[in-house]
Amino acid sequence: MIQHTKITGRQLFAVLVLMRLVPITITFPAVHQLTYIQHAWIGMILAIALSLPAVFVITKLGQAHPNHSIVQYAQDYLGPVLGKAVGVLLIWYFLIVSAQVAREVADAFVVATMPKTPTVIFVAVLALVSATAARHGIEVTARLGEAILFFALVSTALIALLPYDAMRFDRLLPLFPGQLRDLIPPVAESLAFYSQFILAALIIPHLD
């Protein structure tokens with residue numbers, strides 16, 4: 001049972017939104033493979049639709065098991081062995097995601113600000129800051145997320161809207177070029193990023 005720090009729903013929302021902004025702005029463009037450029041936004045919309053049922057299930061399970069994380073109630077449904085295996089898989093998953101995000105963010109810093117600085121330096125700094133924040137509990141991260149959410153959203157909106165004159169909305173068409181099977185890779189890639197919302201299953205027990 002979780003009896004430690006508590007966060008508000010607004011803080012949870014901030015954490016989830018900021019967690020999504022990093023892949024959209026840094027990681028996603030680096031890995032996205034498209035047969036047709038229209039598949040970028042179509043794949044994103046389809047991935048959102050496919051992710052909603054999973055979010056619904058996570059929310060309902062969190063409400064059915066207050067003060068318990070997914071690792072704890074997984075043992076109630078799957079037994080002690082498979083339940084603990086779920087916990088190990090989640091730990092491995094977040095280690096892989098964290099390593100990927102750290103590398104992508106570090107590369108962005110190197111390219112944009114300090115090209116002569118080794119990437120490993122930025123990775124080490126990011127890892128140290130993240131470990132320190134994690135050591136002090138989810139409340140620290142949630143409060144910081146709530147504080148910077150507005151500025152992050154405004155900055156993202158400005159980045160998207162300022163080059164309005166260069167936008168070509170005709171590139172959104174045709175809606176479904178090629179064959180439907182060509183949508184599978186972009187949808188799968190978008191779903192991979194939305195799978196990070198499984199973090200909510202670990203944070204929900206901390207909701208006040």
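When restricted to residues that are in contact (Cβ under 8 Å) with a residue 60 or more places away in the chain and over 20 Å from M19 (Cβ atoms), the stretch 82-103 contains 0. Counting residues in the stretch 194-208 that are loosely packed, with under 12 Cβ neighbours inside 10 Å, in contact with a Lys or Arg (Cβ under 9 Å, 6 or more places away or on another chain) and farther than 16 Å from L16 by Cα gives one or more. Sort out which residues of the stretch 192-206 are modelled with pLDDT of 80 or more and of a type in the set (A, V, I, L, M, F, W, C), and write them in order of number. Matches in the stretch 192-206: I198, L199, A200, A201, L202, I203, I204. Suppose the filter is at pLDDT 85 or above, under 15 Å from the mean Cα position of the chain (by Cα) and in a helix (DSSP H, G or I); does Y73 pass it? Judged against the criteria, Y73 is not a match. In this structure, R143 does not satisfy being of a type outside the set (A, V, I, L, M, F, W, C), under 21 Å from L16 (Cα atoms) and surrounded by fewer than 11 Cβ atoms within 10 Å (Cβ to Cβ). Restricting the stretch 156-193 to residues that are among the acidic types (D, E) and surrounded by fewer than 12 Cβ atoms within 10 Å (Cβ to Cβ) leaves a set whose member that is nearest to T8 (Cα to Cα) is D165. Only one of (1) aromatic (F, W, Y); (2) in a helix (DSSP H, G or I); (3) touching a residue at least 40 places away in the same chain (Cβ under 8 Å); (4) over 26 Å from Y93 (Cα atoms) fails for Y194. Which number is that? Against the list (1) aromatic (F, W, Y); (2) in a helix (DSSP H, G or I); (3) touching a residue at least 40 places away in the same chain (Cβ under 8 Å); (4) over 26 Å from Y93 (Cα atoms), Y194 comes up short only on (4). Looking only at the stretch 42-69, which residues are in contact with a helix residue (DSSP H, G or I) (Cβ under 9 Å, 6 or more places away or on another chain) and either small (G, A, S) or not in a helix (DSSP H, G or I) (or both)? Result: G43, A47, S51, A54, G62, A64, H65, P66, N67, H68, S69. Evaluating K116 against the criteria (1) surrounded by 15 or more Cβ atoms within 10 Å (Cβ to Cβ); (2) more than 23 Å from D208 (Cβ to Cβ); (3) at pLDDT below 90; (4) of a type outside the set (S, T, Y) leaves one unmet condition, (1). Does A106 fit the bill of being farther than 17 Å from R20 by Cβ, of a type in the set (G, A, S) and out of contact with any Asp or Glu (no Cβ under 9 Å at 6 or more places or on another chain)? Criteria met by A106.
The values are calculated or read from the model by the stated rules, or taken from the named source; none is laboratory data. In this text the structure is predicted, and so the values were computed from the model without any measurement. FYI the Cβ positions are ideal-geometry reconstructions off the backbone, even for glycines, and counts take in every protein chain you see.
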